[in-house]
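Below is one structure, written out as structure tokens; comments come after it.
The values are calculated or read from the model by the stated rules, or taken from the named source; none is laboratory data. Since the structure is predicted, the reported quantities are computational estimates derived from the model, not experimental observations. Backbone-built Cβ (ideal geometry, glycine too); neighbour counts: all protein chains shown.
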Amino acid sequence: MYYYSNGINSFVKRAISYLTEQNDWTIIAMETDKDHIHILLEYDTTERICDIISMIKQRTTRWLWIRYRDVLSKKYWKKHIFWSDGYFACSIGEVSSTTIEKYIAEQG
């Protein structure tokens, strides 16, 4: 989330919130940092996290390029690029959700 001053980080958070509402997922915590985002997400165990992340990245990239084309075209030489290919995901095991929420809140 390199574009703090352009409101892109706020837009991304709103867009992800919208997607979670539409898909019955629950955001427990979410915060942007300089070039990434942390999300503590609750979702049905029948869904695959790779599919969730893929949808979030695809839709938000599309919406970002519609709204911020001028800003993004200065940073990316190819249209419709925003996120990197990879991501990190893990389930909460030994750590409490409160600890994870605190960590996420301290980002950015």
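Just wondering, is there one or more residues in region 19-28 that are assigned to a helix (DSSP H, G or I) and either under 16 Å from Ile104 (Cβ atoms) or touching an Asp or Glu at 6+ places or on another chain (Cβ under 7 Å) (or both)? Checked region 19-28: at least one residue is assigned to a helix (DSSP H, G or I) and either under 16 Å from Ile104 (Cβ atoms) or touching an Asp or Glu at 6+ places or on another chain (Cβ under 7 Å) (or both). On inspection, Ile39 qualifies as touching a residue at least 60 places away in the same chain (Cβ under 8 Å) and either out of contact with any Phe, Trp or Tyr (no Cβ under 8 Å at 6 or more places or on another chain) or small (Gly, Ala, Ser) (or both).
Pairs only if they're at least six apart or on different chains, beta carbon under 8 angstrom, first in region 76-100 and free of Cβ contacts under 8 Å to residues at least 24 places away in the same chain, second surrounded by 10 or more Cβ atoms within 10 Å (Cβ to Cβ) and part of a loop (DSSP other than H, G, I, E, B); list them, first residue then second. Listed by first residue and then by second, the contacts come to Tyr76/Phe82. Checked against the criterion of being surrounded by fewer than 13 Cβ atoms within 10 Å (Cβ to Cβ), part of a helix (DSSP H, G or I) and small (Gly, Ala, Ser), the candidates Ser73, Ser91 yield just one match: Ser73.
Please tell me if Thr46 is in contact with a helix residue (DSSP H, G or I) (Cβ under 7 Å, 6 or more places away or on another chain) and among the hydroxyl-bearing types (Ser, Thr, Tyr). The answer is no for Thr46.
Checked against (1) of a type in the set (D, E, K, R); (2) under 17 Å from Cys90 (Cβ atoms); (3) modelled with pLDDT under 95, Arg69 passes all but a single condition, namely (2). Within region 42-54, is even one residue in contact with a strand residue (DSSP E or B) (Cβ under 6 Å, 6 or more places away or on another chain) and more than 20 Å from Asp85 (Cα to Cα)? Yes. Within the option set Lys57, Lys78, being at pLDDT below 85 and either surrounded by 12 or more Cβ atoms within 10 Å (Cβ to Cβ) or on the phi < 0 side of the Ramachandran plot (or both) holds for one residue only, Lys78. If you go through region 31-43 one residue at a time, do you hit one that is outside any strand (DSSP E or B) and at pLDDT 90 or above? Yes - at least one qualifying residue is present in region 31-43.
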